[in-house]
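As structure tokens, the structure follows; a few thoughts come after it.
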Amino acid sequence: MIETIRWSDEGVVMIDQRKLPREETYVVCRNYREVAEAIRTMVIRGAPAIGVAAAMGVALGMLEADSRDPDSAFEEVTRTLAATRPTAVNLFWALERMREVYRQVRGQPLELVRKRLVEEAERVKQEDIETNRAIGRNGAPLVPDGKIVLTHCNAGALATAGYGTALGVIRAAIEAGKRIEVFACETRPFLQGARLTAWELLRESIPTTLITDNMAGHFLSSGRVGCVVVGADRIAANGDVANKIGTYTLAVLSHENGVPFYVAAPISTLDLSLASGDEIPIEQRPAEEVTHVFGVRVAPEGVRVENPAFDVTPHRYVTAIVTERGVARAPYAESLRRLAGGLYGREKQ
Ligand code: MRU
């Protein structure tokens, strides 16, 4: 399995997702600022993977903390990590989880505090892999046999600590013996589908076809697509889903063509403090991602650009939300709350 991120004696090691698939190289973040920069510049990306990186960033930050004032160090480290990317709630969930541990051990010898934080960060990683396997088990029965599964962006091993959410459902369906072909949307402008999903699936010889984003309607109306499965960055209490820009378009097209539209995400992606998707902060990314392709300008100088990294799919287009605790269906306000049960972090605030 691809190892997206790991803790090591040298620091936090991440596969550099900006360079895939041309180069398989690793970045070593030796302090929390480098972890924050890696999240911001998308060395690591994908909601659950960002959460693991943030947890490890906190642990790394506290290894450098001044023993005379660990509380201030903790605040500075978490503030820096929280300011990296606004949409994926897993980042804030992970910081809250680390804060909970810090509260428990605060005031004890700093060596012990550090040990507990490192252990917790590693636990966040390990649990994410187990969570994804459970999402896969719960989602596999929904995938029709012998059909195309269409996905967007990368919600795979690279977007998580391993196995993936949407791609976890696909992996689990294949492990269960289903004959599936994956259609991966290229996902402009950052090309997570073309660069990452295609790379990840081909490594495992999963039949994969790459399409540009604007081909999706054509294929969804062809009768060949059995379902769409995507991940999520944040899900509001009413079931509205923020995910990679272009997801909303796919959801509407799926609805129009009678194709089930599934969202696969861990409970840590739920943000039940938000009543609807209108309240989800949408990250705006640099104009160069749109005007340039791999450093080459493709648009005229001076053109105005908008580059929202995510959109919100209204819950009415979502057939089901697959989590590690089960499958939620409408009305989501009830089903998600039931599944969330003892949710960590934001729910408690
Ligand atoms: O900008 P990115 O690459 O971090 O966006 C990633 C996505 O939108 C994924 O679909 C989402 O985080 C789910 S990953 C399991």
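The values are calculated or read from the model by the stated rules, or taken from the named source; none is laboratory data. These numbers were taken from a predicted model, which means no experiment stands behind them. Counting neighbours? That spans all protein chains shown, and the Cβs are built from the backbone with ideal geometry, glycine included. Protein only, heavy atoms only, side chains kept; ligands, DNA and RNA dropped before computing areas. Shrake-Rupley method; radii C 1.70, N 1.55, O 1.52, S 1.80 Å.
Numbers at a glance
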quantity	calculated
The stretch 86-136: mean projected area of Cα convex hull, nm²	4.2
Rel. contact order, % - alpha carbon contacts under 8 angstrom, at least six apart, the stretch 9-146	22
The stretch 1-99: trypsin sites (Lys or Arg not before Pro) falling in loop per DSSP and having at most 14 other Cβ within 10 Å	K19, R22, R30, R68
Solvent-accessible surface (1.4 angstrom probe) belonging to V296, in square angstrom, nearest 10	90
Semi-axis lengths (Å, descending) of the ellipsoid that matches the C-alpha gyration tensor of the stretch 1-154	31, 18, 13
Local electrostatic count, A309, Cβ distance below 13 Å [Lys/Arg +1, Asp/Glu -1]	+2
Where only alpha carbons of the stretch 127-226 are counted, the Rg and the Dmax (Å)	12.7, 39
Solvent-accessible area, 1.4 Å probe, carbon plus sulfur percent, for the chain	50
Convex hull per residue volume in Å³, alpha carbons only, for the chain	131
The chain, relative contact order [Cα under 8 Å, separation at least 6], %	16
Accessible area of the stretch 136-340 divided out per residue, in Å², using a probe of 1.4 angstrom	39
Debye log10 I(q)/I(0) for the stretch 136-340, one point scatterer per Cα, at q = 0.09, 0.14 Å⁻¹	-0.32, -0.78
Length-normalised contact order of the stretch 119-166 in % [C-alpha pairs under 8 Å, at least 6 apart]	46
Surrounding net charge for T249, when Lys and Arg each add one and Asp and Glu each subtract one, Cβ distance under 9 Å	-2
Length added when fully stretched, E175-E289, from 0.36 nm per residue minus Cα-Cα	37.4 nm
26 Å Cα-Cα reach of K125 towards lysines, excluding residues that sit fewer than 8 places from it in its own chain	K19, K115, K244, K348
